Amino acid sequence: MIFDVETLVITKSVINLFCLVIIWVSVKLNENIRGSKLWVWGNACNCSGILLLLMRKFISNQSIGLIIGSELTVLGSLFIYIGVMRFLERKINYKIIASSYVAFTILNIYFTYIKNNSIFRASIFSFYLAVYLIIASVILLKNKDYSIKKATNFLGVVILSEGFIFLVIGITKIISTFSSKSFEPSSLSVIIHFMFFMWSLFITFGLILMVNLKLNSEIKIANKTLQLIFDTTPDAFFITSLQSGTIEKANDIFYMLTGFPKEEVIGKTAISLGLWNNPKERQRFIKELKENLQLDNFEMDIRKKGNTIITVLISAKVMNINGEEYVINVARDISERKKAEELLKSSEKRYRDLAEDIKYLSYHDQLTGLYNRRFYEEELKRLDTERNLPLTLIMADVNGLKLTNDAFGHLAGDKLIKEIAEIFKNNFRQDEIIARIGGDEFIILLPQIDTKEAQEIMSRVNESFRNKQLDNMILSVSFGLATKYEVNKEITEIYIEAEDQMYRTKLIESNNMKNKTIELITRTFNEKNEVEKHHAERVSELCKNTATILGLSKDEVQKFKTAGLLHDIGKTGIDEKILSKQGKLDANEWLQIKRNPEIGYQLLKSSNEFSHISELVLAHHERWDGKGYPKGLKGEEIPFESRVIAIADAYDAMTNARSYRSPLTSKAAIEELQKNAGTQFDAELVNIFVNKVIKDNL
C-alpha cells in the first residue's frame, strides 16, 4: 500500500487548524487562565508554518517560504512553551528564549542562503524543536500541583515523546550525510507525519484537560472559601426561597441569634417560626424587596425563641440560582447599639457636663485646682499688652518637697502642695492668675501691679505661711519677682529675671529649710517609734565611745556620734506596719527594709549640715565579705565609720527586745559578733569593740 505523504501533511494541517479552533474556544470561555492565549498563538504559528512548508513549491521564491515556515513552526513551539510556564506560574527567562530564537534564525538563514545545506538546516530545525519540547515536558512532569498532576503528566509524556522523535530526526539527518545507508523517505515520512497527527490531537486534549482540571480546582477552592465565609461571618447568614419563603440554609450565627436549633429552622418559614414581631414591618420588607430586588440596612424587631425581642439590621438581595429565585439575607443584632443610642440620648446633659469638666481639667491643675501651665502660657499672651502694664511675674518654688515625699510619702507631699495653693488663693484677687507650672513650682501674673505692690503682697503671703501650722511639715516657699514696665521689652526676659531672683533666694533659704525638715523628720519618727528612738541613741553612744577609744579628734568623735544617731533615718520612708511586724518579713517587705540606707542617704545628702555623714549612713549595711547592700562593698572599700556603725547597730539590736524576738544576753551578742568577724564585720574593729568598748562599759 502506497501512502501519500502530502495527503497526511494536509490532514495534519487540517487537524492543527481544528485543534486551534478548539483551543481558541476554550480560551475565550476561560480568559483568566494564565498562558492559555499563548497556546492559541502557538497553534496558529504551527498551522501557518506547516502550510507554508507544504506550499513552498507554489511560491516563486521557495527559500523565503522555507525560512518563514520553519520560523513560524519554531515560534509556535516557543509560544506553547512560554504558555505552559505561565500556566504553571514558573519563572521565565525571556533573554535566553529570545537569544536562542535569534540564533536559530541566523543559522536558518545561513544554511539557506549563504551555505545552502538542507540537511544541516533540517537538523537544526529538529534540534531546536526537540530542546523546547523536552524542556517543556520536564517542567510539566515536575509539576507539584496535585490538582492538575494527571493532566501535566499526560501532556509531559506526549510532548517528551514528540521532542524525542525530533531529536532522533535531527541525529538521523546528520548521520545520513556520512553514511550510504538511510531510511526510505516514504516510509519514514509516513510514520513521522502520522505520529505528528496523533500528537497534535493528544497535545490539544492535554491542554484542554489541564485547563479544566485547573478550573475545577479553583471552583472547589472558591466553594470552600464561600462556605468558610458563610460559616465564619460574624453576622447571621441565611438563604430563603423567594416564592415559598422557606429557609433553605443558615449559618450557626443565625441559630444563635434566633435561639432555634437547625432542625427546627431548615424548611420552615419566618412566619411559622414566629420571627416577625411586627406584621407591618414584614409587609414593608417584602414590598421593598420585590420592587428593588435588594434591601440595605433594613431595621426591624424579631422575636427569638422564648419570646425575647431583639432589633436587627438586615440586608437582602434576590439571586437566581439554577433557575430559581432565592433571597440571600445577612442580619446583625444591633440591640446593644440601640440601647447605647437611647442611653446616649438620655445622657446628653451628662456628656455636656463632662465636656465642661474636660475643658476645666485642660486648663487646671488636678491636685490644687489652680490654673496649669497651658492656661498660664495662653493667658500670658493675652495679658502681655500695653494696657496691662506694669505687669509683674512672681515665681514661687516650694522648699523641702522632695524631703517630705521621701520621709512621709507622696500623700504628705500632696498635702503640702495643696496647703500652699490654698494660701495663694486666699492672698490673691480673682483676676490675678495663679498657676502651678511644675511639681513644686508656681507662677503668679499680676496685671497693673508694680514691683513695690508685688513685694507687699509677697510679704503678706510669707506671713500667712509662718502662721500656718501643719503636723510634721514646714511650709516654706522661695519667691522671685520681676516687673515689665516697657511695652517693647520681651516678656521672656521678665520671666528669666523672676526665675533668677527666685533661685538666688532659694540658695539662701533652702539649706536652712532642709536642716529644719530633717530635724522635724527625726523628731516625728522618734515620737512614733520609741524603740527606734532609744536604739538610735544607744548606737550613737556606742559609736562615740568607740571613736574616743580609738583616740580620734573631738570633731571625728562628734561625726561618729551624729552618724550613729541618724543611721536609721531612712526608716522614716518605710511603712510603720513593716517596722513593727512581729512575724517573719516576706520578700517584698524585706526589699522595703533594705531601702533604709538609700533613703537615709538621699535625705542627709540634701542638707549641707548632714551631707558629710550621708555616705556613712549609706554603707552601714555593707558586709566585710562583700555580701551586704546596697552597693556590695567589700573590706576596706567600706568607710571606716560605717564599719563601726554596723558593729554597734548589730550589738544593740541583739541585746534589746524587738517586736519579732526576745533580747540576747551581752555574752551571747559578743559571741555572735566574734562568730561573724571577718565575714560580716571588720575583725579588728570587733576585737576593739568587744574588749574595749563593751567590757569597759559592763
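The values are calculated or read from the model by the stated rules, or taken from the named source; none is laboratory data. Note that the structure is predicted; figures quoted are calculated from it, not measured. Positions of Cβ are backbone-derived with ideal geometry, glycine not excepted, and every protein chain shown enters the neighbour counts.
Please indicate, with yes or no, whether at least one residue in region 610-623 is out of contact with any Gly (no Cβ under 8 Å at 6 or more places or on another chain), at pLDDT below 85, surrounded by 20 or more Cβ atoms within 10 Å (Cβ to Cβ) and in the same structural domain as S666 (by TED's automatic domain parsing).
yes
In region 325-343, is there at least one residue being free of Cβ contacts under 8 Å to residues at least 40 places away in the same chain, assigned to a helix (DSSP H, G or I) and farther than 30 Å from F285 by Cα?
no
Is there a residue being β-branched (V, I, T), without any contact (Cβ under 8 Å) to a residue 60 or more places away in the chain and not in a loop (DSSP other than H, G, I, E, B) anywhere in region 352-362?
There is at least one residue in region 352-362 that is β-branched (V, I, T), without any contact (Cβ under 8 Å) to a residue 60 or more places away in the chain and not in a loop (DSSP other than H, G, I, E, B).
Does any residue of region 292-305 turn out to be of a type outside the set (F, W, Y) and over 30 Å from E264 (Cβ atoms)?
Checking region 292-305: at least one residue is of a type outside the set (F, W, Y) and over 30 Å from E264 (Cβ atoms).
Counting only residues that are of a type in the set (K, R) and under 24 Å from D301 (Cα atoms), which one in region 338-351 is surrounded by the fewest Cβ atoms within 10 Å (Cβ to Cβ)?
Applying the filter and picking the extreme gives K345.
Return the pairs, sorted by first residue and then second, in which the second residue is in a helix (DSSP H, G or I) and of a type in the set (A, V, I, L, M), the first residue lies in region 654-673 and is farther than 15 Å from V693 by Cβ, the beta carbons are less than 7 Å apart, and the residues are 6+ apart or on different chains.
Close Cβ pairs satisfying both conditions: L664/M654; E672/M654.
For region 370-402, which residues satisfy the criterion of being acidic (D, E), within 14 Å of G438 (Cβ to Cβ) and assigned to a helix (DSSP H, G or I)?
Hit for region 370-402 is E377, nothing else.
Kindly indicate the residue of region 84-107 that is among the aromatic types (F, W, Y) and free of Cβ contacts under 8 Å to residues at least 40 places away in the same chain and also surrounded by the fewest Cβ atoms within 10 Å (Cβ to Cβ) among those meeting that condition.
Among residues in region 84-107 that are among the aromatic types (F, W, Y) and free of Cβ contacts under 8 Å to residues at least 40 places away in the same chain, the one surrounded by the fewest Cβ atoms within 10 Å (Cβ to Cβ) is Y94.
From the set of residues in region 209-242 that are at pLDDT below 75 and among the charged types (D, E, K, R), which is nearest to I286 (Cα to Cα)?
Checked region 209-242; the qualifying residue nearest to I286 (Cα to Cα) is D231.
Which number in (1) more than 18 Å from N251 (Cα to Cα); (2) without any contact (Cβ under 8 Å) to a residue 60 or more places away in the chain; (3) surrounded by fewer than 16 Cβ atoms within 10 Å (Cβ to Cβ); (4) not hydroxyl-bearing (S, T, Y) marks the one condition that F298 misses?
(3)
Condition check ((1) loosely packed, with under 15 Cβ neighbours inside 10 Å; (2) outside the structural domain of E248 (by TED's automatic domain parsing); (3) within 30 Å of T232 (Cβ to Cβ)) across all residues:
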{"site": "L275", "(1), (2), (3)": "no, no, yes"}
{"site": "R282", "(1), (2), (3)": "no, no, yes"}
{"site": "F285", "(1), (2), (3)": "no, no, yes"}
{"site": "I302", "(1), (2), (3)": "no, no, yes"}
{"site": "V318", "(1), (2), (3)": "no, no, yes"}
{"site": "N329", "(1), (2), (3)": "no, no, yes"}
{"site": "E336", "(1), (2), (3)": "yes, no, yes"}
{"site": "Q366", "(1), (2), (3)": "yes, yes, no"}
